[in-house]
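Step one of this worksheet: look at the structure below.
The values are calculated or read from the model by the stated rules, or taken from the named source; none is laboratory data. Please read all numbers here as calculations on a predicted model, not as lab measurements. All Cβ positions, glycine included, derive from the backbone under ideal geometry; neighbour counts span all protein chains shown. All accessible areas refer to the heavy atoms of the entire protein, side chains included, with ligands and DNA or RNA removed. Shrake-Rupley method; radii C 1.70, N 1.55, O 1.52, S 1.80 Å.
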Amino acid sequence: MDAVDAVARQLTTIPARRDPQRKQDLIAARRELAGRMAAAMTIGERFAPIRQNESLYAELRHRVSVLRAAIADHQAQWSAVAIDSNDEAYLLSASSVHGQARAFMSWVRQIVEASPE
């Protein structure tokens with residue numbers, strides 16, 4: 001969870017940079033976030049208190065789907081090449097996705113910390 005948070009925080013700082021490497025860093029961070037989100041989902045699927053609770057597992061899958069859709073929509077609208085065209089709109093879109101990601105991670109942490117395992 002901390003690794004996902006770290007990548008998400010990194011994604012909030014890259015667009016403000018003006019160096020030539022920022023677009024490549026943005027692409028790399030997006031890929032890393034996708035991989036870490038997939039890993040978090042795998043952990044959630046293997047975490048017995050979630051996996052064995054049908055409603056909780058359904059909620060996890062729903063929340064992951066909503067977050068993935070938000071990320072996909074954001075990245076489709078704002079490719080790394082496109083972020084120079086309107087940075088203010090990009091930052092607003094990115095902020096919305098980051099807020100959703102933080103809410104998801106907070107929910108997962110709450111479930112894990114409340115679980116007996």
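Given a Förster distance of 25 Å, report the FRET efficiency between Ser79 and Arg9 from their Cβ-Cβ distance, rounded to the nearest 0.05. Intermediate values should be presented prior to the final figure.
Working: r = 21 Å, r/R0 = 0.85.
FRET efficiency, Ser79 to Arg9: 0.75.
Considering only protein heavy atoms, what is the solvent-accessible area of Asp25 at a probe of 1.4 Å, reported in Å² to the nearest 10?
Counting only protein heavy atoms, Asp25 exposes about 40 Å² to solvent.
Grab the beta carbon distance between Arg18 and Leu56, set R0 = 41 Å, and tell me the FRET efficiency rounded to 0.05. Can you show the working numbers first?
Values: r = 44 Å, r/R0 = 1.08.
FRET efficiency, Arg18 to Leu56: 0.40.
Once neighbouring chains are kept in place and the probe is 1.4 Å, which whole percent of the accessible area of the chain is contributed by carbon and sulfur? Spell out each step's value before the answer.
On the way: 3730 of 7030 Å².
Ligands and nucleic acids excluded, carbon and sulfur reach 53 percent.
Where does helix 54-77 land angle-wise versus the long Cα axis of the chain, in degrees 0 to 90, nearest 10?
10
By how many degrees, 0 to 90 and rounded to 10, does the Cα axis of helix 22-46 deviate from the longest principal axis of the chain?
The angle comes out at about 10 degrees.
Could you tell me which of Ser95, Pro20, Ser65 has its Cα farthest along the dipole of the chain towards the positive end, charges placed at Cβ (Lys, Arg +1; Asp, Glu -1), taken about the Cα centre?
So the residue furthest toward the plus end is Pro20.
Candidates (i) 13.6, 39; (ii) 15.5, 49; (iii) 16.9, 58; which is the computed Rg and Dmax of the Cα atoms in Å?
Evaluating Rg and Dmax of the Cα atoms in Å on these atoms matches (ii).
Out of the stretch 1-64, which trypsin sites (Lys or Arg not before Pro) are coil in DSSP terms and have no more than 13 other C-beta atoms within 10 Å?
Details: sites: Arg9, Arg17, Arg18, Arg22, Lys23, Arg30, Arg31, Arg36, Arg46, Arg51, Arg61, Arg63; in loops: Arg17, Arg18.
For trypsin sites (Lys or Arg not before Pro) across the stretch 1-64 that sit outside H, G, I, E and B with at most 13 neighbouring Cβ atoms in 10 Å, the list reads Arg17, Arg18.
Size of the dipole of the chain about the Cα centre, Lys and Arg at +1 and Asp and Glu at -1 on the beta carbon, nothing else charged, in debye to 20? Could you put the intermediate results ahead of the total?
Numbers: 15 positive and 14 negative charges, 37 e Å.
About 180 debye.
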